[in-house]
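Colleague: Structure below; questions to follow.
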Amino acid sequence: MLDTMFLKQLNILNYRNLREANLDFSPKINCLIGSNGMGKTNVLDAIYFLSFGKSIHTNIDSQNITHGETYFMLKGEYERKEQPELISCGLKSGQKKHLKRNQKEYQRLTDHIGLFPLVIVSPKDSELVAGSSELRRKFIDGVISQTNREFLQYTLAYAQLLRQRNALLKNDDLQYDLLEVIDLQMGQYGTKIYEQRRQFIEQFIPIFQDYYSFIANTSQEIISLDYNSHLSQKDLYDDLVACRERDHIIGFTTHGVHKDDLEMLLNDYPVRQVASQGQQKTFLLALKLAQFEFLKTFHGFCPLLLLDDLFDKLDSLRVARLVELVNSERFGQIFITDTNHAHIDEILQPIEQSSKIFYVENGNVTNQTK
């Protein structure tokens, strides 16, 4: 029997285009309907912020304050493992962000990561296929960090060492003694990061393949993931030493786990080259649902699942398979946004579980209980 976690109530003040919203949610399915640009995704972003202490849209927290205002405030009342939890986050212009759990402020934001796990599926996911390797590394690291706090510390330490090394490489007079210290530490942290990523991918691939096969409803599309890293062939410290002179000439570090990539394949060809829009969407959806399953297994309860603009570019067969998934007992609390009321009706019609519909227009949110 799984434990439970769900968001009971969300209070929003001056967050993006949402001036004020006080929302009571169903523990199962919550749908937000409205035209593009009305604020549906901003509601999801506020929920995301309470899990990760940051927006999915920007790393600059002050950009989330409603235009013309000087602060924002978010509060979420959760039930987690049958215990009430209050998470709040506030920011005033020019001041430090304050993230609190049950009225107690975190000294380190990293202490909060993973406590309220969340998976979001959004149109931005297409960047995982078409975008840079950095985005794919962030995807891997984001999943692992919600299950392994040590790994999160490794990645932060490695990133700081990388900045220091790159700063040294830009100097005409290279300080080899300091570089040696940095390379040793990068080798240690980088090796740990590589091993954790490799182990994760091995566990993740079969879950991902199962979800893809179910949604696509075919055995003819063979999908896979290939983790590429310099460390699969060389020791990182030795590699860094061997590249010192070249890196000094170029002015940055050319080898290391910050260059790793996750190759996405369909029938042994890169997805970005051969997959249709529907296949890419299915690939990405399977990737995120596998992330959900991985976190669920680790934590012993369902993460929150946020589905933003889910039906875009999916054919009717894949939509039907997806609706079947949403109707199953494998998920906990789900938030769905769509511009089309018919899509929402298609999901809710066969469902006996509790659900709520919210209408979003010009930053105003109203609800209708099913």
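Colleague: Do any helices (runs of 4 or more DSSP H) lying entirely in segment 123-204 carry at least 3 residues that are touching a strand residue (DSSP E or B) at 6+ places or on another chain (Cβ under 9 Å), touching a residue at least 24 places away in the same chain (Cβ under 8 Å) and of a type outside the set (Gly, Ala, Ser), and which ones are they?
Modeller: Answer list for segment 123-204: 133-145.
Colleague: Out of everything in segment 118-139 that is touching a Leu at 6+ places or on another chain (Cβ under 6 Å) and of a type in the set (A, V, I, L, M), what residue ends up being surrounded by the most Cβ atoms within 10 Å (Cβ to Cβ)?
Modeller: The qualifying residue surrounded by the most Cβ atoms within 10 Å (Cβ to Cβ) is VAL119.
Colleague: Right, something else. Just to confirm my filter: which strands (runs of 3 or more DSSP E) fall fully inside segment 1-93 and include at least 1 residues that are under 20 Å from the mean Cα position of the chain (by Cα)?
Modeller: Output list reads 5-15, 29-33, 71-80, 83-92.
Colleague: Let me ask another. Could you grab me the full set of residues in segment 56-76 that are closer than 13 Å to ILE12 by Cβ and of a type outside the set (Val, Ile, Thr)?
Modeller: Listed by number, the residues that qualify are ASN64, GLU69, TYR71, PHE72, MET73, LEU74, LYS75, GLY76.
Colleague: For segment 27-38, how many residues are under 21 Å from GLU77 (Cβ atoms) and surrounded by fewer than 23 Cβ atoms within 10 Å (Cβ to Cβ)?
Modeller: Total satisfying the criteria: 2.
Colleague: Within segment 197-239, track down each residue that is touching a helix residue (DSSP H, G or I) at 6+ places or on another chain (Cβ under 6 Å) and among the hydroxyl-bearing types (Ser, Thr, Tyr).
Modeller: Those that are touching a helix residue (DSSP H, G or I) at 6+ places or on another chain (Cβ under 6 Å) and among the hydroxyl-bearing types (Ser, Thr, Tyr): TYR211, TYR212, TYR227, SER229, TYR237.
Colleague: Here is a follow-up. Could you check, for segment 227-243, whether at least one of its residues is of a type outside the set (S, T, N, Q) and under 22 Å from the mean Cα position of the chain (by Cα)?
Modeller: yes
Colleague: Counting only residues that are in contact with a Lys or Arg (Cβ under 9 Å, 6 or more places away or on another chain) and assigned to a helix (DSSP H, G or I), which one in segment 260-288 is surrounded by the most Cβ atoms within 10 Å (Cβ to Cβ)?
Modeller: THR282
Colleague: One residue is enough: does segment 97-117 have a residue meeting the conditions touching an Asp or Glu at 6+ places or on another chain (Cβ under 9 Å), loosely packed, with under 14 Cβ neighbours inside 10 Å and more than 17 Å from PHE200 (Cα to Cα)? Show your work before the answer.
Modeller: Quick first cut of segment 97-117, residues touching an Asp or Glu at 6+ places or on another chain (Cβ under 9 Å) only: 97-99, 101-102, 115-116.
Adding the requirement that they be loosely packed, with under 14 Cβ neighbours inside 10 Å leaves 98, 102.
Remaining after also requiring more than 17 Å from PHE200 (Cα to Cα): 98, 102.
Yes, segment 97-117 has at least one match.
Residue-by-condition table, conditions (1) free of Cβ contacts under 8 Å to residues at least 40 places away in the same chain; (2) over 30 Å from ARG330 (Cβ atoms); (3) buried (at least 16 other Cβ atoms within 10 Å of the Cβ):
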{"residue": "LEU231", "(1), (2), (3)": "no, yes, yes"}
{"residue": "ASP239", "(1), (2), (3)": "yes, yes, yes"}
{"residue": "CYS243", "(1), (2), (3)": "yes, yes, yes"}
{"residue": "GLY251", "(1), (2), (3)": "no, yes, no"}
{"residue": "GLY256", "(1), (2), (3)": "no, yes, yes"}
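Colleague: Checking the structure you have, find out if any residue of segment 277-292 is without any contact (Cβ under 8 Å) to a residue 24 or more places away in the chain and either more than 30 Å from THR191 (Cβ to Cβ) or within 21 Å of the chain's Cα centre (by Cα) (or both).
Modeller: Start the filter on segment 277-292 by keeping residues that are without any contact (Cβ under 8 Å) to a residue 24 or more places away in the chain, which leaves none.
Among the residues of segment 277-292, not one is without any contact (Cβ under 8 Å) to a residue 24 or more places away in the chain and either more than 30 Å from THR191 (Cβ to Cβ) or within 21 Å of the chain's Cα centre (by Cα) (or both), which makes the answer no.
Read the figures in this text as sums done on the coordinates, not as results from a lab. These numbers were taken from a predicted model, which means no experiment stands behind them. FYI the Cβ positions are ideal-geometry reconstructions off the backbone, even for glycines, and counts take in every protein chain you see.
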